[in-house]
Amino acid sequence: LVRPAAQAHPMRSVFVAATRQHVGKSTTSLGLLAALSSRVPLESIGYLKPVGQQHVEVQAAAEGAPPLRVDKDCRLAKEYFGLRCEYKHMSPVLMPRGFTKSYVDGEIDMERQKQALLHAWEALRAAHPNVVVEGTGHMGVGSIVGLDNAAVAKLLGLEVVQR
């Protein structure tokens, strides 16, 4: 696993990305989670899908709060491995259909999205020293809003394993 260069406390994290969709990022990430879960305590393992495209509802709306939606890969990782991460930290930015148009129309504050991502990352790494970070789609996804895989890896201070 790769350690970010400038960190206050030791941590082992890896960013899995690809230049194309459907080439095995999720399978690679699940394999890393499986390998970790056989070697370190489950509490020490985190998973982050910084930018998700395909989301599922994991918590119904309650008293004025909207339902909690996360990237589908987060639900798979959490439920299959029994990860102890909070969903809100596992999937901080969702880019559903129409996101780019909303951004171009000025309806989305990308600085706020980046802050949500950084907050989720800090919360995960504070609680889980081993974090698997799975990139989204292909290398162009998120580029118009500055959250493509390369930009996210740089923002988080991580090197990338390309699949």
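Please identify every one of the trypsin sites (Lys or Arg not before Pro) in segment 46-93 that sits in a loop by DSSP and has no more than 16 other beta carbons within 10 Å of its own beta carbon. Intermediate values should be presented prior to the final figure.
Details: sites: Arg69, Lys72, Arg75, Lys78, Arg84, Lys88; in loops: Arg84.
Taking segment 46-93 and a limit of 16 other Cβ atoms within 10 Å, the loop trypsin sites (Lys or Arg not before Pro) found are Arg84.
Report the Cα centroid-to-centroid distance between segment 12-28 and segment 89-163 in angstrom, as an integer.
14 Å
What are the extents of the Cα atoms of segment 88-163 along their three principal axes, in Å, largest first?
39, 26, 18
Over the chain, with the other protein chains present, what is the accessible area per residue in square angstrom, probe 1.4 angstrom?
Accessible area per residue, the chain: 53 Å².
Viscosity 0.692 mPa s, temperature 37 °C: give me the Stokes-Einstein translational D for segment 30-108 in µm²/s, with Rh taken as the Kirkwood radius over C-alpha pairs. List each step's numbers first, then the result.
Numbers: Rh = 13.9 Å.
The calculation lands on 237 µm²/s.
Amide H of Asp148 versus every other amide H placed in the peptide plane: which residues, excluding those fewer than 5 positions away on the same chain, fall under 5 Å?
Excluding prolines and chain starts, which carry no amide H, the hits are Ser143.
Within the chain, what whole-number % of the accessible surface is contributed by carbon and sulfur, with the 1.4 Å probe and all protein chains included in the calculation? Before the final figure, lay out each step's value.
On the way: 4460 of 8690 Å².
That share works out to 51 percent.
Give the peptides 53-65, 13-25, 122-134 in descending order of average Cβ contacts within 10 Å, highest first. Spell out each step's value before the answer.
On the way: 53-65: 11.9, 13-25: 17.8, 122-134: 20.8.
Highest mean packing first, the order is 122-134, 13-25, 53-65.
Taking only DSSP H segments of four or more residues, each worth -39500 (n - 2.57), what value at 222 nm results for the chain once the sum is divided by all its residues, to the nearest 500 deg cm²/dmol? Numbers along the way, then the final one.
On the way: 6 runs with 59 residues, N = 163.
So the calculated ellipticity at 222 nm is -10500 deg cm²/dmol.
Treating segment 14-163 as a set of equal point scatterers at the Cα positions, no solvent, please give the Debye-formula log₁₀ I(q)/I(0) at q = 0.10 Å⁻¹.
-0.32
So what is the relative contact order for the chain, in percent, with contacts set as C-alpha pairs under 8 Å and at least six apart? If you can, show how the numbers build up before the last one.
Details: 293 pairs, mean separation 62.6, N = 163.
Across the chain, relative contact order equals 38 percent.
The values are calculated or read from the model by the stated rules, or taken from the named source; none is laboratory data. Because the structure is predicted, anything quoted here is derived from the model rather than measured. No Cβ is skipped: glycine too gets one built from the backbone with ideal geometry, and neighbour counts run over all protein chains shown. Each accessible area value is taken on the protein alone, full model and side chains, heavy atoms only, with ligands, DNA and RNA left out. Shrake-Rupley method; radii C 1.70, N 1.55, O 1.52, S 1.80 Å.
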